[in-house]
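First comes the structure, then the notes that go with it.
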Amino acid sequence: MDATPEIIRLTEVDSTNRYAMNNFAALADGTLVAAEFQSAGKGRQDRVWLSPSRENIYASFVMKNITPPVCNASIIASLGTLQMLRHAAPGVKFWIKWPNDICCGLKKIAGILCENKLSAASSGIVAGIGININMPQSTLDAIDQPATSLSVETGRKFDLQSSVTALADSLCEYYAHYSKAPKELFDLWKQENLLIGKSVEIVDHGRERLQGRIVDIGESGEIFFETGGKILKLYSSDIRIRKESLGEAVLQDR
Ligand code: BTN
């Protein structure tokens, strides 16, 4: 994917992911579908993604030349988002929180939701990206987890149209890089995952809590978690990391 990405700019949609999935075959590889407002923005694990009009980026990137696992799409989307944020706010520190969040300190600034498209007409992955750009503190406070936005972090407002263009350029750059050197991109992504080597507490879906250390991330996106003298291989669909356990782990480095 070497060409400049195509950007489809919508005023309103239920969800850019739904739009990209429903129109997948007709969309060119590397298209970014962006909307000013989503009436039914989707987050991971069936959560709602708050999508007020003209405050943030709500966009979905179409990748047709990508091989499983899905974590490859997540690598491209998270590195692309990270680069866009770093260019927009050079003085602010951002990091990737496994599996799919971009954080600033202990607060989430962007989330990624990858969906697999498998059909006779066309297959690939849609990576949905929500980035808090101009969301004020009063709205961020209504989110059910600590969250921030570019404007809160920098004290200034950002132009949404050019932010979407910058995101599309970054995504395209990493998509091209991935097709040439996937292992290099995977290593880069791992370097940005600050939780590797850190002690955290995880919770499985049965709500059992486990204390341990993330020793590594595998090539399918799973973590290797050392606990009670054993190393467990865990997938993001099966566990979550307790936010309350992140404080010391992350702030040591930032
Ligand atoms: C998460 O839960 O962290 C993932 C959030 C992903 C939100 C984005 S906004 C654009 C795209 N369309 C959606 O409905 N969801 C994703």
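Points to keep in mind about this one:
- The single condition among (1) touching a Pro at 6+ places or on another chain (Cβ under 9 Å); (2) part of a helix (DSSP H, G or I); (3) surrounded by 20 or more Cβ atoms within 10 Å (Cβ to Cβ) that Met135 does not satisfy is (2).
- Residue in the stretch 163-171 that is within 14 Å of the ligand (Cβ to nearest atom) and among the polar types (S, T, N, Q) present: yes
- Selection status of Pro5, modelled with pLDDT of 95 or more and outside any helix (DSSP H, G or I): no
- Within the stretch 86-103, the set of residues being over 17 Å from Gly221 (Cα atoms) and away from the ligand (no atom under 14 Å from the Cβ) comprises Arg86, His87, Ala88, Ala89, Pro90, Gly91, Val92, Lys93, Phe94.
- Answer residue from the stretch 104-118, given it is among the small types (Gly, Ala, Ser) and within 11 Å of the ligand (Cβ to nearest atom) and is farthest from Val164 (Cα to Cα) among those: Gly111
- Residue identified as in contact (Cβ under 8 Å) with a residue 40 or more places away in the chain, within 13 Å of the ligand (Cβ to nearest atom) and within 21 Å of Pro5 (Cα to Cα) among Ser78, Ser122: Ser78
- Selected residue (criterion: nearest to Arg242 (Cα to Cα)) from residues of the stretch 183-221 that are small (Gly, Ala, Ser) and buried (at least 16 other Cβ atoms within 10 Å of the Cβ): Gly212
- Of the strands (runs of 3 or more DSSP E) lying entirely inside the stretch 176-254, those containing at least 1 residues that are of a type in the set (Lys, Arg) and outside the structural domain of Ile75 (by TED's automatic domain parsing) are 209-217, 230-234, 239-241.
- Taken as a whole, the condition of being at pLDDT 95 or above, within 9 Å of the ligand (Cβ to nearest atom), aliphatic (A, V, I, L, M) and within 24 Å of Gly221 (Cβ to Cβ) does not apply to Ala35.
The values are calculated or read from the model by the stated rules, or taken from the named source; none is laboratory data. All values derive from a computational prediction rather than experimental measurement. Cβ: placed from backbone, ideal geometry, glycine included. Neighbour counts: every protein chain shown.
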